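Structure record follows, encoded as structure tokens.
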Amino acid sequence: MAAFFRSLRDLLVSLKLTVVLLVLGMILVFVATIDQVHLGVWAVQQKYFRSFIVYAQIGGFSVPMFPGGYLIGGVYFLNLIAGHIYRFKLGWRKSGILLTHAGFILLLVGELLSGLWQEDFQLRLSPGETKNYSESSRAIELAFVNTTDPKFDEVVAIPEGLLAKEGSVQNPKLPFRVVIKHYYTNSMVQMRTAAPAAAPAEATAGFGAQLAVIPLAPTYKEDERNLPSVLVELLGPDGSLGTWLASMHLVAPQEIAVAGQTWKIALRSKRAYKPFSLTLVKFSHDRYPGTEIPKNFSSKIHITTPDGRDDRDVLIYMNNPLRYQGLTFYQAGFENNDRTTILQVVRNPSWQLPYIACAVMTLGLLIQFGIHLVGFVGKRRNLSSATA
Amino acid sequence: MKSRLPLLVLLAGVILVGVTLVPPHNSGPTDIVGFGRLPTLVNGRLKPLDTVARTSLLVLQGRQRVSDPAISKPFVDSPAEWLLDMLFVPAKADTYPVFRIDSPDLMTLMGLTEDDTKIGYDSTAKRIMAAVGFLPSHRARFSIQQLAPKLGELDRQSKLADSVEAPLRTSFQRAVIQLRDNIILYQRLQSSLVAPGVDNYLEQVLNLPKSLPDGLAAVTAQREGKPHDTAASKLLLDLSHSFATMEAEGYLLPIPPESGMEQTAHWRSAGSSLSESLTSGRVNPAVMAYVGLGLSWRGQQAESFNSIVHVYREQLERQIPALLRKCDVEAGFNSSQPFYTSMTIYVVAFLIGVFSWLKWHDTLGRSAFWLTVLAWVLATVGIGIRMWLEARPPVTNLYSSALFVGWGAVALCLVLEAVYKNAIGSVAAGLVGFATLLIAHHLSLTGDTLEMMRAVLDSNFWLATHVVTVTIGYSATYLAGFLALIYIVRGVFTKSLDKATADALARMVYGIVCFATLFSFVGTVLGGIWADQSWGRFWGWDPKENGALIIVVWNAIILHARWGGMVKQRGLMSLAVFGNIVTSWSWFGTNMLGVGLHSYGFTDAAFMGLIGFVASQLAFIALASLPLEKWRSFRPAV
């Protein structure tokens, strides 16, 4: 038994394992890069890097094919720590290697944390428009908005994860219980008159009664997004309020009056509300003269907070984001004939980690290779003075 | 005598370089060189017409010479002369074979038969040369006149191909689209200064300042239903139609505003400027200058051509002297072709270096070293001029990355050679220098290599730090691989790899791998920081980012394998050669995937080139894995 543990320990601290893991990591990155052509960058990250095992679909079965990013990274992490503890020797000749690896551990941790914590939203603004929320470019939510009081809206939103479970949701703010009958990750919606062959309507209220939902396979392409639909039945204290269809295809929310309150129902991009509002003053898209090559994109934005502390203009352009209240706003795109701006809104609490990690690693490498170089030059000098 | 050889070799090299630097002169009485130095706006950049001529020819036919293999004299003496014919004598230009077609299917589509492609040499000697393959036996370049009958079919085929997503197109479809685009470029170039298919267009515009008031009056009267000069109004309406066509089609924007020429945004096409004249009643003098140039070129009146070039230039000189200097330098840079000269010298240095291992070790070694220095200095000057023209750090696109990878690797070689003095540095420098400049040449076939930077990349700070560092990382990784190739080839095929040389090579490779690790790592990290600053994520698993990461990881693998004693000398060499594959994939392969933020257009030939290179490197690795007794250098003496 002791022999087994000793060999296990020798394996765990060995440089051979390091090399094997590095090779595996390299293959993983390579295959993932190739696969981006089919899956798109987001799905690739989930499949290869943010997973323990990479599965392949063979004949309808998920077959484990290769260790995933978490597994390779995790074992590498252990190997690195164990190796350093086992071989630990303090001394300036080792300081370079120590620093490099410490920095590398920090880098891995940083990437893990940003994978877990980072929030990525988009903000679309047309000239003069004001918003106090950003929208997810991927996640959606089923929102119930109480508009009874004209002064403010009250929002209850059901996230995608709950919708996909197709269960039922009860919330004290809602005057009804929501039973999710069907959730379609990607779908098409057609008028029933245009699709006579469609299955009979399940929706009994709202627009849904005239519409047919056709489920589609989820898309992973970078320039396409899934457009989900959901069928929900609303159960009030006195019985059903009808089955409603909510879909990303339906732009206008549907209204329902319950117990003297007016509620609006909509399936929409997941929103993150902010304690401040942004107004687009102007979006500019400059091109090089006589060409379509973009020279610059910029958005002039006005920030206001309810307490009146902030009331100013800022300019966001390429390579010059706005950092405000822990969020960073980047110029990401534009649409609507160069009138509407699209800003990327990112919250990443661990954004400094890579910077620190890289500084530490660079220093480590410089020390390590500097020692080599000094040694080498010294040797050459001795050699040449010996021959001279 | 022998000790003076390095000096003599260097001197010969310097003289060769000096010859290329001599400014070009006109072959006839017409000042075509002066014409080529006139500025025009194309693709957002003010450049000399000479550059437009050269890059257009490169895009259309892959070379700057306009000639037919069966005719010994080229059709024109310079690219600028070709441009003059294109602009002003289109009927003549249409007979020049400037469309390169490689795809046999496309040739069939365009109705080109064996009769069109077969080259009938007039001399027997040439025919024999062609038969054994020293001269081409078939044409690959054709004139628009030859292609004209099938242009309708080409258009139909290209529309079919357009509907297919770019990465899924077959090589035939890509060839069809490329030829279609080339023909559009050709026709747009021809519509720049003369309206296509209009008789006496230049004469009509020449008379415009005189005829304009009457014409405008006639048109106004016609609109109001009053009696008018029908001929005058018809002439003007026809002209306005031509101007609109030229405005829509014209490729060049050569007409500066009368004041404020330095603002490139206000430069116009001839058609647009003339359309404006129809309302303002004033004709821009630059338009008249080009009309005059056109008429005198057609009439072969050298004297009036030269004086118009002179007068027009003086007029420009008053407002934009600095921009004209840039155009002059660029035209001079074009004609001296420093990278081509540098490439030639690298080859010579390589050969001399290899020969030094057989004989006259010191003398030839030093000759090779000094030649390498010369070629490198020349490349440095070339890169420097490009940087000055663009006001950018050295690497701004794939083309300049190829230049810089070679530059960096050769710089490292020079350091190695200065330390070791065993000609290995010079030989490696010759190899890498030649290879990278060859790659750069092929990359230049896609158009003007001095491009305007897209908004995303428009940050001189990050271009100067991230891009330069990462590119030096590429250089070093390649250099380690090429040094390893030298080790393998010398060891397996010759007896010249003695223990001292082998150890020296191993130390060089190890040192360069360390250097490569440092630079590729720091470069990758700087890229991450740039991404964090501009897109809000440090790492996005974009193909190019992954490519850079793989290089870092591979270098780390080499170092760990060596430190752990898993590989010895030969293993180290094999790993370093594999580094060539890794780097090539990151440099070019990732761009061929066609996804992500860093993707640029790419061609089939480049893909085949990459596959071929990878195969060759694998063959070298296999060679390195031969048992030691098969290596000539290590075989025990019998």
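The values are calculated or read from the model by the stated rules, or taken from the named source; none is laboratory data. From a predicted model like this one, the values you see are computed outputs, not experimental measurements. Reconstructed Cβ throughout: ideal geometry from the backbone, glycine too, with neighbour counts over all protein chains shown.
Looking only at region B:356-379, residues that are surrounded by 16 or more Cβ atoms within 10 Å (Cβ to Cβ) and either closer than 25 Å to residue B:65 by Cα or not small (Gly, Ala, Ser) (or both) come to 14 in all. The lone criterion from (1) crowded, with 18+ Cβ neighbours inside 10 Å; (2) farther than 20 Å from residue B:532 by Cα; (3) outside the structural domain of residue A:271 (by TED's automatic domain parsing); (4) of a type in the set (A, V, I, L, M, F, W, C) left unmet by residue A:360 is number (2).
A residue that is farther than 24 Å from residue B:70 by Cα, outside any loop (DSSP other than H, G, I, E, B), touching a residue at least 24 places away in the same chain (Cβ under 8 Å) and of a type in the set (A, V, I, L, M) can be found somewhere in region B:148-164. Those helices (runs of 4 or more DSSP H) of region B:485-593 in which 1 or more residues are over 29 Å from the mean Cα position of the chain (by Cα) and among the acidic types (Asp, Glu) occupy B:499-535.
Test each condition in (1) closer than 30 Å to residue B:252 by Cα; (2) more than 10 Å from chain B (Cβ to nearest Cβ) for residue A:285 and report the one that comes out false. The number of the failed condition is (2).
Of the listed requirements (1) assigned to a helix (DSSP H, G or I); (2) closer than 22 Å to residue B:309 by Cβ, residue B:232 misses just one: (2).
Residues of region B:193-213 that are in a loop (DSSP other than H, G, I, E, B) and surrounded by 18 or more Cβ atoms within 10 Å (Cβ to Cβ): B:193, B:194, B:195. Within the option set A:328, A:341, A:362, being β-branched (Val, Ile, Thr), on the phi < 0 side of the Ramachandran plot and in contact with a Phe, Trp or Tyr (Cβ under 6 Å, 6 or more places away or on another chain) holds for one residue only, A:341. The helices (runs of 4 or more DSSP H) falling completely within region B:356-467 include none with 3 or more residues that are assigned by TED's automatic domain parsing to the domain that holds residue B:583 and over 29 Å from residue B:322 (Cα atoms). The condition of being in a strand (DSSP E or B) and aromatic (Phe, Trp, Tyr) holds for only one of A:152, A:121, that being A:121.
Scanning region B:253-275 for residues that are touching a residue at least 24 places away in the same chain (Cβ under 8 Å), at the interface with chain A (Cβ under 9 Å from one of its Cβ atoms) and either part of a loop (DSSP other than H, G, I, E, B) or not polar (S, T, N, Q) (or both) returns B:253, B:267, B:269. Does any residue of region B:109-116 turn out to be buried (at least 19 other Cβ atoms within 10 Å of the Cβ), away from every other protein chain (no Cβ under 14 Å) and not hydrophobic (A, V, I, L, M, F, W, C)? No: region B:109-116 contains no residue that is buried (at least 19 other Cβ atoms within 10 Å of the Cβ), away from every other protein chain (no Cβ under 14 Å) and not hydrophobic (A, V, I, L, M, F, W, C). The condition of being aromatic (Phe, Trp, Tyr) and closer than 22 Å to residue B:20 by Cβ holds for only one of B:434, B:461, that being B:434.
Being among the small types (Gly, Ala, Ser), more than 8 Å from every other protein chain (Cβ to nearest Cβ) and in contact with a strand residue (DSSP E or B) (Cβ under 7 Å, 6 or more places away or on another chain) is a description that applies to residue A:333. Exactly one residue out of A:142, A:113, A:162 is within 14 Å of chain B (Cβ to nearest Cβ) and either in a helix (DSSP H, G or I) or surrounded by 15 or more Cβ atoms within 10 Å (Cβ to Cβ) (or both), and it is A:113.
Here residue B:560 fulfils each of the conditions (1) over 19 Å from residue B:467 (Cα atoms); (2) at pLDDT below 85 apart from (2). When residue A:271 is tested against (1) touching a helix residue (DSSP H, G or I) at 6+ places or on another chain (Cβ under 9 Å); (2) away from every other protein chain (no Cβ under 14 Å); (3) among the charged types (D, E, K, R), exactly one condition is not met: (1).
Scanning region B:550-562 for residues that are of a type outside the set (A, V, I, L, M) and facing chain A (nearest Cβ under 7 Å) yields B:554, B:560. The criterion of at least 2 residues that are touching a residue at least 24 places away in the same chain (Cβ under 8 Å) and surrounded by fewer than 16 Cβ atoms within 10 Å (Cβ to Cβ) is met by the following helices (runs of 4 or more DSSP H) wholly inside region B:1-61: B:5-21.
Let's see how each residue does on (1) within 10 Å of chain B (Cβ to nearest Cβ); (2) touching a helix residue (DSSP H, G or I) at 6+ places or on another chain (Cβ under 8 Å):
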| residue | (1), (2) |
| --- | --- |
| A:7 | no, no |
| A:16 | yes, no |
| A:25 | yes, yes |
| A:68 | no, yes |
| A:89 | no, no |
| A:94 | no, no |
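For residue A:150, the stated conditions hold: it is surrounded by fewer than 17 Cβ atoms within 10 Å (Cβ to Cβ) and either farther than 26 Å from residue A:212 by Cβ or in the same structural domain as residue A:249 (by TED's automatic domain parsing) (or both). Would you confirm, using the coordinates I've provided, whether residue B:479 is touching a residue at least 40 places away in the same chain (Cβ under 8 Å), in contact with a Cys (Cβ under 9 Å, 6 or more places away or on another chain), part of a helix (DSSP H, G or I) and within 27 Å of residue A:69 (Cβ to Cβ)? No: the conditions fail for residue B:479.
Here's the yes/no breakdown for (1) without any contact (Cβ under 8 Å) to a residue 24 or more places away in the chain; (2) more than 10 Å from chain A (Cβ to nearest Cβ); (3) crowded, with 21+ Cβ neighbours inside 10 Å:
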residue: B:497; (1), (2), (3): no, yes, yes
residue: B:505; (1), (2), (3): no, yes, yes
residue: B:547; (1), (2), (3): no, no, yes
residue: B:564; (1), (2), (3): yes, no, no
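The requirement of being closer than 26 Å to residue A:27 by Cα and among the acidic types (Asp, Glu) is satisfied by residue A:111. For region A:353-371, a residue qualifies if it is facing chain B (nearest Cβ under 10 Å) and not small (Gly, Ala, Ser), and the qualifying residues are A:353, A:354, A:355, A:358, A:361, A:362, A:365, A:366, A:368, A:369.
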